[in-house]
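**Student:** Take this structure first; my questions come after.
Quick note: the coordinates plus some simple rules give every number you see, no bench work behind them. A quick note: this is a predicted structure, and the numbers were derived from the prediction, not measured. Glycine also receives a Cβ, built like all others from the backbone with ideal geometry; neighbour counts cover every protein chain displayed.
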């Protein structure tokens, strides 16, 4: 069960960047995550909290059971009534989370313009602006070789991630944008992850009741856990 929850967490705009990267530092929302894989189905609901100064995403899970899930760049920590477990995960989970990208004004290009990926070409197709980004630094060790990013009306619409030999690793679709203080946040994110055996998992994350810079709820934004 916990492995399935880890899968859920790891694999779920256009305004002047300087303006809201200086002002907005907190975001919270109600969420629903539905995930389906070759041999499992999962549903999780609750409220999520992110303070970019804390560099951790805190899920206050209300369904299927009350618990806290903490995600940071080194581990996912499950907390239930004082019991804590760490599980190693990949890096950059926080930097490339939809919350961090949104607060920093980087969601429209998925933050790729601040990475070793280089813009190779830009095309227009069916009302979409499609940009191709390739890994330009040969000294960077990454399983990702290329990304195709699509935008419409200055909003990120889709992201296709390629591995070696141009094999598609995953696809993401961002939709149902919600306007918050003049900015657009995706109300729904669909992610399809392709497994090495040819099977796939699908995850749909829905957000609503999004709030920025709530000065309350510090116990969630700054959730403390005991290290062992």
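**Student:** Taking the number of other C-beta atoms within 10 Å as the exposure measure, put 129, 33, 94 in order starting with the fewest. Write down the numbers at each step before the final one.
**Tutor:** On the way: 129 15, 33 21, 94 18.
The fewest-first ordering by Cβ neighbours comes to 129, 94, 33.
**Student:** Can you pull the one-decimal nm distance between simple spin-label points at residue 213 and residue 84, each 7 Å off the Cα toward Cβ?
**Tutor:** About 3.1 nm separates the two model spin labels.
**Student:** Quick one: if you stick a label point 7 Å off each Cα along the C-beta vector at residue 195 and residue 43, how many nm between them?
**Tutor:** 2.2 nm
**Student:** If you don't mind, there's one more thing I want to ask. Kirkwood-based Rg over Rh for region 2-216 (C-alpha set), two decimals? Intermediate results must be reported in sequence, preceding the final value.
**Tutor:** On the way: Rg = 17.2 Å, Rh = 18.1 Å.
Reported Rg/Rh, Kirkwood definition of Rh: 0.95.
**Student:** Can you tell me the length gained on complete extension of the stretch residue 123 to residue 145, counting 0.36 nm per residue apart and subtracting the Cα distance?
**Tutor:** Extending this stretch completely gives an extra 6.0 nm.
**Student:** When a footprinting reagent is the concern and you count Cβ atoms within 10 Å, what order do 183, 45 take, fewest first? Walk me through the intermediate numbers first.
**Tutor:** On the way: 183 19, 45 15.
Least crowded to most crowded, the residues run 45, 183.
**Student:** Roughly speaking, what is the centre-to-centre gap between region 165-228 and region 34-55 when only Cα atoms are used, to the nearest Å?
**Tutor:** A separation of 7 Å, based on Cα centres.
**Student:** Per DSSP H run of n ≥ 4, the term is -39500 (n - 2.57); total these for the chain, divide by its residue number, and report the mean residue ellipticity at 222 nm rounded to 500 deg cm²/dmol. Write down the numbers at each step before the final one.
**Tutor:** Numbers: 4 runs with 26 residues, N = 228.
So the calculated ellipticity at 222 nm is -2500 deg cm²/dmol.
**Student:** For a Förster distance of 22 Å, can you work out the FRET efficiency between the beta-carbons of residue 96 and residue 136, rounded to the nearest 0.05? Before the final figure, lay out the partial values.
**Tutor:** Working: r = 18 Å, r/R0 = 0.81.
In this case the efficiency is close to 0.80.
**Student:** Could you give the spread of the C-alpha atoms of region 22-142 along their three principal axes, from largest to smallest, in whole angstroms?
**Tutor:** 51, 33, 31
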